[in-house]
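J.: The structure under discussion is supplied below as structure tokens; questions concerning it will follow.
The values are calculated or read from the model by the stated rules, or taken from the named source; none is laboratory data. Keep in mind the model is a prediction, meaning the values are calculated, not measured. Quick reminder, even Gly has a Cβ in these numbers, built from the backbone with ideal geometry, and neighbours come from all protein chains shown. The area values use the complete protein model at the heavy-atom level, side chains included, leaving out ligands, DNA and RNA. Shrake-Rupley method; radii C 1.70, N 1.55, O 1.52, S 1.80 Å.
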Amino acid sequence: MPSGGSVSAETGASLLQLGGTVALLVVGVAVLLLLVRWATGQLQADRAARRRARSAPPAATRPATAGAPPRRRATGSHPAGRRVPRDTAPGGPLERPHRPLERVAADLRRLARELAMVPGGMPMERRRGLLAAYDDLLVEAAALLEVPQQLTEVPEEARELERIRLLGALEAAGLVVTG
């Protein structure tokens with residue numbers, strides 16, 4: 001017949017073992033979450049946001065405009081960690097500075113090679129991302145050379161034909177895309 005002291009010692013040991021198991025499980029989940037945030041780039045985005053917040057002047061030192069309604073702060077965020085503007089400046093969209101045509105052509109050639117060498121097991125999201133970047137570069141090159149394009153307006157199923165047409169028009173305008 002077991003004594004009362006040995007039963008409580010066994011219960012205490014099993015509770016201690018259970019506590020250790022739970023602690024290991026919690027630490028394992030925390031490490032897994034940290035690895036996922038690192039792999040998705042969220043840790044770098046958070047670090048960059050903290051760095052921007054430290055370097056931005058405090059709101060109290062900024063001059064307030066008299067009679068103007070208070071501006072809303074951009075509180076949304078992009079999945080890649082960039083800020084999403086909530087309100088735009090009056091006067092319409094801002095004109096982006098143009099990159100040199102040589103850099104756009106070099107990027108087009110690089111992406112064309114990457115698209116041609118896409119392995120069979122590559123995730124479809126990666127291929128779609130490459131095609132979207134390629135389309136953006138085609139549109140940028142068309143704007144620089146003043147070549148008409150409808151790549152942004154055509155539906156997805158007709159986009160490949162418009163890419164081919166636009167490539168021919170860009171090459172006819174003197175841009176070397178293949179090579």
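Listed here are the residues, each with its yes/no results for (1) at pLDDT below 75; (2) surrounded by 11 or more Cβ atoms within 10 Å (Cβ to Cβ); (3) part of a helix (DSSP H, G or I); (4) out of contact with any Leu (no Cβ under 8 Å at 6 or more places or on another chain).
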position	(1), (2), (3), (4)
Val26	no, no, yes, yes
Trp38	no, yes, yes, yes
Pro57	yes, no, no, yes
Ala68	yes, no, no, yes
Leu111	no, yes, yes, no
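J.: Right, here's the next one. Going by the structure shown, is Glu140 at pLDDT 90 or above, surrounded by 11 or more Cβ atoms within 10 Å (Cβ to Cβ) and within 21 Å of the chain's Cα centre (by Cα)?
T.: yes
J.: Being at pLDDT below 90, closer than 30 Å to Asp46 by Cα and in contact with a helix residue (DSSP H, G or I) (Cβ under 9 Å, 6 or more places away or on another chain) narrows it down to one of Arg127, Arg86, so name that one.
T.: Within the list Arg127, Arg86, the selection yields Arg127.
J.: Next question, about the same structure. Taking the stretch 169-179, which residues are open to solvent by less than 40 Å² (accessible area, probe 1.4 Å) and assigned to a helix (DSSP H, G or I)?
T.: Ala169, Leu170
J.: Starting from the stretch 97-109, take each residue that is assigned by the TED database to the domain that holds Ala133 and assigned to a loop (DSSP other than H, G, I, E, B) and list its partners that are exposed (fewer than 14 other Cβ atoms within 10 Å of the Cβ) and among the aromatic types (Phe, Trp, Tyr), counting only C-beta distances under 9 angstrom and pairs at least six apart or across chains.
T.: Sorted first by the residue in the stretch 97-109, then by its partner, the list stays empty.
J.: Residues of the stretch 135-168 being assigned to a helix (DSSP H, G or I), farther than 23 Å from Glu102 by Cα and among the acidic types (Asp, Glu), which ones?
T.: Matches in the stretch 135-168: Glu156, Glu157, Glu160.
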